[in-house]
Number of protein chains: 2
Amino acid sequence: MPRQLPSLNALRAFEAAARRLSFTRAADELFVTQAAVSHQIKHLEEQLGMQLFRRMNRQLQLTDAGQILMPFMSDALDMMASGIERLNHEQREGRLTVSTLESIAASWLVPRLRNFRAQHPEIELSLEIADHPVDFDRDKADMAIRYGPGGWPGVSATKIADEEIFPVLSPSLLEKGPPLKHPRDLLKFPLIHEDMVDRWEDWFEAVGETAIEVPRGSSFPHSNLVMQAVMAGEGVALGRSFLIGPEIASGRLVRPFAASVTAAFSFYVVAPSWAQETPKVQAFTNWIVEETRVAARTGDS
Amino acid sequence: MPRQLPSLNALRAFEAAARRLSFTRAADELFVTQAAVSHQIKHLEEQLGMQLFRRMNRQLQLTDAGQILMPFMSDALDMMASGIERLNHEQREGRLTVSTLESIAASWLVPRLRNFRAQHPEIELSLEIADHPVDFDRDKADMAIRYGPGGWPGVSATKIADEEIFPVLSPSLLEKGPPLKHPRDLLKFPLIHEDMVDRWEDWFEAVGETAIEVPRGSSFPHSNLVMQAVMAGEGVALGRSFLIGPEIASGRLVRPFAASVTAAFSFYVVAPSWAQETPKVQAFTNWIVEETRVAARTGDS
DNA sequence: AATTATACATTACTTTTTCTAATCTTAATA
DNA sequence: TATTAAGATTAGAAAAAGTAATGTATAATT
């Protein structure tokens, strides 16, 4: 039952001509010349083996066959148009799935979402928490927030923040612990580490302490767990500027030294490059860029 | 509100691929290569600015967008297919309008129609009586029976009968009139003429009577009126073989001499050449050809 | 009655789209 | 590890669609 259809372009030309009862006006509508419509319809009539129009000199009439065909074609084209219309609508409204790392979601994104929803009530944002980079060809995510070196192929990435790394501890620990005058004093505190990532040497190097043996202490798999531990007063850890803005601002975390190391990786909003121009994707990208800019200015990043 | 649609061919490729969930199988269905489908869909996705399929290596899935689009396209293409289907049906069944001269309709065609209806109950034959040759570009007639020299441009014509012309009179006139031994004896009868056409000289010439002054008598505009007059015993006229078969066969008209003149014109079934192959037209053409052949054999032409 | 204007048809190309063959890529399967 | 089964890619060929210019027929106008 594979459908047997004549040239679809010819059918479209027929429909326009039948609707306007004029090849010339149909041509205008289709942005082609009258000759093009004339050709298409002649071709179609040949393929079908029947006349669709009666050409009287000033007037065009549908033959019986044309009258039969016309409503089918109009309805079919209308239906196609509404399908396309629905898709366009879909690019504008409805669900937008953003894939992020858990740490970003928890500490940065989720608290700000109410804001996004207020600005874009037509977009129903849903988060997908994934440990590892999205593959837009596979996953159903429309966009992602990624932490990495940038320059990924096939995606358009907008940097939202560089990441600064510096020691943080809880105010209570700072108070009851040994005095913290000099970076070396940090070694008197328990140092908490993040699995797989360790930048303590880099940070000490940045403050001129090159020959330090950094003791291992407890460690956690994700930076937000590390921060939980720090806020519980369990020790000192390296905090990532992008993720702990609110904790610093509220005083739940204290930054004893201004010195920081800029991480090689940054945070990016990414979307498949073919989707970069679509309204929903642009809305989210613009929102997040603006949001980080405001956050940076108010020291709340 | 002129509809804004992407390439219809690409939409068709999409629909097939979405239905079979395979570019390869869609390609088979559309009688093209897999590469063609791949191109079309890539192109379509670019135009729409969204992915329609998720390509996993062995498996193809519709994205949300694809799922939205799919039923619209399926329904639209189905609708187009049913329009075309209806047209094909129309070429096979339903009304067939045949244009003829009144004389042919009355004396030849109408009496045989019951026969055609029996053979082709699916065709609803309707006659259109027209004095002058049909123009298929104008009139709604699908076919015609024409009397003429043949070789018309743009139409396919099948000769159904040559026309023989010979004198006829009513049996009662033959009986009560002067004896008819020799062609010249005809001059003792009133000769009835047909307006515009006069072949008496030709006929006399055919029987070797070259130097005859043919007297004018009464005349009528159409040959069937002439024949009415002859059957009413009003005189002798030249009868046309094609039209008076039944009258001769039943004895209502008598043919006193075997000699006849073959007319320059013949009878043809004609149809616009683009329609010549269609089932209804072929059915009528075949029927009429067969019918005249039978009539010629049984002497009933 | 002649002239003008309108609308589709035709012709000879040109341009665009579509398709193909060959080859590549990726990952599931043997 | 090799094989196989999709789809993707590339470069070029083929087919379809479109154009400009002109032709034709005839209704409308002058």
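The values are calculated or read from the model by the stated rules, or taken from the named source; none is laboratory data. Model, not experiment: these values are computed from the prediction. Cβ placement follows ideal geometry from the backbone for every residue including glycine, while neighbour counts extend to all protein chains displayed. Heavy atoms of the whole protein, side chains included, go into the accessibility calculation; ligands, DNA and RNA do not. Shrake-Rupley method; radii C 1.70, N 1.55, O 1.52, S 1.80 Å.
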Mean other chain Cβ within 10 Å across B:214-227 is 0
Each residue of A:259-266 has, on average, a number of other protein chain C-beta atoms within 10 Å of its C-beta equal to 0
Within the range A:46-96, DSSP-loop GluC sites (Glu not before Pro) with at most 13 other C-beta atoms within 10 Å are none
Rounded to the nearest whole number, the Stokes-Einstein translational diffusion coefficient of chain B at 4 °C and 1.567 mPa s (Kirkwood radius, C-alpha pairs) in µm²/s is 53
By the Cα gyration tensor axes a ≥ b ≥ c (a/c under 1.5 gives rounded; else a/b larger than b/c gives prolate, otherwise oblate), the shape of the range A:8-91 is prolate
Non-local residues with an amide H under 5 Å from the amide H of A:ILE160, with H modelled 1.01 Å from N and Pro and chain starts lacking one, are A:PHE267, A:TYR268, A:VAL269
With every protein chain kept in place and a 1.4 Å probe, the protein assembly as shown has an accessible area per residue in Å² of 49
So the carbon and sulfur contribution to the accessible area of the range B:164-264, 1.4 Å probe, in percent, is 53
The relative contact order of chain B, taking Cα pairs under 8 Å that sit 6 or more residues apart, comes to a percentage of 20
For A:LYS188, counting only lysines whose alpha-carbon sits under 29 Å away and dropping same-chain residues fewer than eight positions off, the answer is A:LYS176
Computed ³J(HN,Hα) along the range B:77-90: with the Karplus parameters 6.51/-1.76/1.60, θ = phi - 60°, integer Hz and x for glycine or proline, the list is 5, 4, 5, 4, 4, 6, x, 5, 4, 4, 5, 4, 4, 4
With x for Gly and Pro, the residue-by-residue ³J(HN,Hα) of the range B:43-55, computed from phi through the Karplus equation 6.51 cos²θ - 1.76 cosθ + 1.60 at θ = phi - 60° and given in whole Hz, is 4, 4, 4, 5, 4, 7, x, 7, 6, 9, 10, 9, 8
One point scatterer per Cα, no solvent, Debye formula: log10 I(q)/I(0) for the protein assembly as shown at q = 0.06, 0.07 Å⁻¹ comes out as -0.59, -0.68
In the range B:1-159 the accessible area split gives carbon plus sulfur, as whole percent at 1.4 Å, a share of 49
If amide H atoms are modeled at 1.01 Å from N in the peptide plane, then the residues at a separation of 5 or more from A:SER219, or on another chain, having amide H under 5 Å from its own are A:HIS193
Per DSSP, the loop-located trypsin sites (Lys or Arg not before Pro) within the range A:78-154 having at most 16 other beta carbons within 10 Å are A:ARG138, A:LYS140
For B:ARG184 the rounded accessible area (nearest 10 Å², probe 1.4 Å, non-protein molecules ignored) is 120
If amide H atoms are modeled at 1.01 Å from N in the peptide plane, then the residues at a separation of 5 or more from A:VAL155, or on another chain, having amide H under 5 Å from its own are A:SER273
Shielding of B:81-91 by other chains, given as the mean Cβ count within 10 Å, works out to 6
If each part is reduced to its alpha-carbon centroid, the range B:44-71 and the range B:101-150 end up apart, in Å, by 56
Probe 1.4 Å, protein heavy atoms only: A and B together bury a total accessible area in Å², to the nearest 100, of 4600
Note to self: C-alpha centroids of the range B:1-39 and the range A:233-289 sit apart, in Å, by 43
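If Lys and Arg each add +1 and Asp and Glu each add -1, what is the summed charge of the other residues whose beta carbon sits under 12 Å from the beta carbon of A:VAL214?
For residues surrounding A:VAL214, the net value is -3.
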Computed over chain B: longest principal axis from alpha-carbon atoms vs helix B:279-297 long axis, angle to nearest 10 degrees, is 20
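More than 23 Å apart: what percent of Cα pairs in the range B:187-280 qualify?
Summing the P(r) of the range B:187-280 above 23 Å gives 33 percent of all pairs.
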